[in-house]
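Data first, discussion second: the structure below is written as structure tokens.
Just so it is clear, none of the values below were taken in a lab; they were calculated from the coordinates. Computed from a predicted structure; not experimentally measured. Cβ atoms come from the backbone with ideal geometry, glycine included; neighbour counts cover every protein chain shown.
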Amino acid sequence: MTKLVEAYFKLLKLLMALCLAGMVVLVFGNVVLRYGFNSGITASEEVSRLLFVWLCFIGAVVGLRERAHLGVDTLVARLPRAGRIACAVLSYGMMLYITGLILQGSWAQTVINLEVWSPATGMSMALVYGVGVVFGVSTGAILLHELYRVLTGKATDADLLMVAESEDLPEDAAHDLHTGGHRTHRDASPLAARTASSR
């Protein structure tokens with residue numbers, strides 16, 4: 001099961017790279033063709049917009065799993081473990097509710113737009129809204145798994161912080177600020193975690 005999950009997220013990262021590469025080729029190529037050859041790629045705007053939408057939603061899923069989203073955890077970091085658990089349960093509950101709304105709305109829009117075609121490419125507009133379904137299912141699974149870990153006591157103190165304090169600091173350094181320099185196995189790199197567990 002773990003290998004399947006890892007393969008799924010590797011696929012998502014590959015899709016992100018392909019979306020970004022496609023956007024660069026289409027937008028830059030269109031600029032070169034317009035100014036250099038008085039031509040252009042008719043579908044450039046529509047396809048690049050579609051790729052951008054998919055890139056943002058898929059990136060949000062990967063960011064959630066890797067705890068890369070920025071947030072302020074000044075209060076939560078100072079709470080006792082029971083307080084952190086309560087905040088985590090409340091946060092996961094609210095996120096699951098919002099994810100459910102996104103999934104419901106995206107599914108409805110996907111069905112409605114199945115036979116609505118974009119003017120330049122003729123693609124179904126369901127492709128635009130379909131990423132919301134992928135996002136909702138993926139994010140919902142992640143949140144349910146994390147909520148289960150919290151409720152069963154398997155979540156570490158670092159897990160209960162849930163966010164990154166700063167994008168300028170590495171994950172380990174950010175956790176050092178909250179733990180006073182004492183890292184759990186999750187805080188450290190996988191190699192360090194294995195080394196610590198073997199002692």
Considering the range 68-101 alone, what residues qualify as being farther than 17 Å from LYS154 by Cα and outside any helix (DSSP H, G or I)?
-> ALA68, HIS69, LEU70, GLY71, VAL72, ASP73, THR74, LEU75, LEU79
Pick out the one residue from GLY83, GLY100, GLY93, GLY122 that is at positive phi and of a type outside the set (Phe, Trp, Tyr).
-> GLY122
Look at CYS19 and say whether it is of a type outside the set (A, V, I, L, M), in contact (Cβ under 8 Å) with a residue 24 or more places away in the chain and more than 22 Å from HIS145 (Cβ to Cβ).
-> yes
Any chance the range 13-21 includes a residue that's farther than 20 Å from VAL134 by Cα and either in a helix (DSSP H, G or I) or not hydrophobic (A, V, I, L, M, F, W, C) (or both)?
-> yes
Quick count over the range 47-87, residues being surrounded by 15 or more Cβ atoms within 10 Å (Cβ to Cβ) and closer than 16 Å to LEU14 by Cβ, is 9
Hits in the range 66-83 - residues which are charged (D, E, K, R) and closer than 25 Å to SER138 by Cβ = GLU66, ARG67, ASP73
